[in-house]
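All remarks here apply to the structure that follows.
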Amino acid sequence: MKGMKTIIIVMIVALLIAGMWNTVPIIKIIVHYILDPTFGKILGWSLLWGMIIVVLIINLIQTLIHKYTTDQKELKKLKDEQKEVQAKMKELKDQPDKLMELQKQQMAKLPQSFSLSMKSIAYTSIPLILFFRWFDDFFDTLGDPKVVLGLGWIGTYIVFSIVFSMILRKVLKVH
């Protein structure tokens with residue numbers, strides 16, 4: 001429960017920072033001072049390739065933070081248990097009573113899995129919010145161009161983030 005309180009506090013702080021982006025200029029100034037000459041240069045080189053590189057870097061950092069701030073052995077154990085339960089559920093699909101019992105077992109494990117994974121969110125949510133606000137400013141100055149497949153920056157970020165996250169988790173053996 002303590003971990004959940006921490007996550008809620010961090011998320012509230014992240015949302016407050018995001019909300020103060022335009023009203024407290026120092027936040028915006030500092031973030032632009034750091035990101036304009038780094039990630040801004042990468043995006044300025046080539047919008048598509050720059051976005052690929054920036055999203056890859058962000059996902060790599062997030063994945064490494066998740067790997068080293070969570071109990072990977074326990075997460076793997078929970079994941080394996082869930083796979084076993086799902087296999088049993090497939091076998092018992094014609095027996096609603098037993099199926100319901102297995103679903104209850106699976107639901108009982110969710111809070112444990114959730115709390116194990118939340119620690120990394122405490123470290124990444126505020127930087128991600130700041131990145132997103134900066135991305136919004138950066139692409140707004142360019143007239144909100146379509147980056148790939150007719151998608152704006154947020155759609156492009158989401159697509160590449162999903163792809164890179166799956167690849168990095170598999171390569172780095174992150175659960």
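Residue-wise test of (1) within 23 Å of His32 (Cβ to Cβ); (2) of a type in the set (Gly, Ala, Ser); (3) at pLDDT below 95; (4) in a helix (DSSP H, G or I).
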residue	(1), (2), (3), (4)
Gly143	yes, yes, yes, no
Lys146	no, no, yes, no
Tyr157	yes, no, no, yes
Phe164	no, no, no, yes
Leu168	no, no, no, yes
His175	no, no, yes, no
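Restricting attention to segment 20-56, the residues that are surrounded by 12 or more Cβ atoms within 10 Å (Cβ to Cβ) and within 17 Å of Ile129 (Cβ to Cβ) add up to 12.
Counting only residues that are under 25 Å from Ile12 (Cα atoms) and touching a residue at least 24 places away in the same chain (Cβ under 8 Å), segment 120-162 holds 19 of them. If the condition is being of a type in the set (Ser, Thr, Tyr) and open to solvent by 40 Å² or more (accessible area, probe 1.4 Å), then segment 95-152 contributes Ser115, Tyr123, Thr141.
Kindly evaluate Ile29 against the criterion of being more than 21 Å from the chain's Cα centre (by Cα) and either within 21 Å of Gln112 (Cα to Cα) or not aromatic (Phe, Trp, Tyr) (or both). Yes; evaluated as a whole, the condition is true for this residue.
Only one of the numbered conditions (1) free of Cβ contacts under 8 Å to residues at least 40 places away in the same chain; (2) crowded, with 16+ Cβ neighbours inside 10 Å; (3) touching a Leu at 6+ places or on another chain (Cβ under 6 Å) is not met by Leu92, and that is (2).
The values are calculated or read from the model by the stated rules, or taken from the named source; none is laboratory data. Fair warning: this is a prediction, and the values are worked out from it, not measured in the lab. We place every Cβ from the backbone using ideal geometry, glycine too, and count neighbours over all the protein chains shown. With ligands, DNA and RNA removed, areas are computed over all heavy atoms of the protein, side chains included. Shrake-Rupley method; radii C 1.70, N 1.55, O 1.52, S 1.80 Å.
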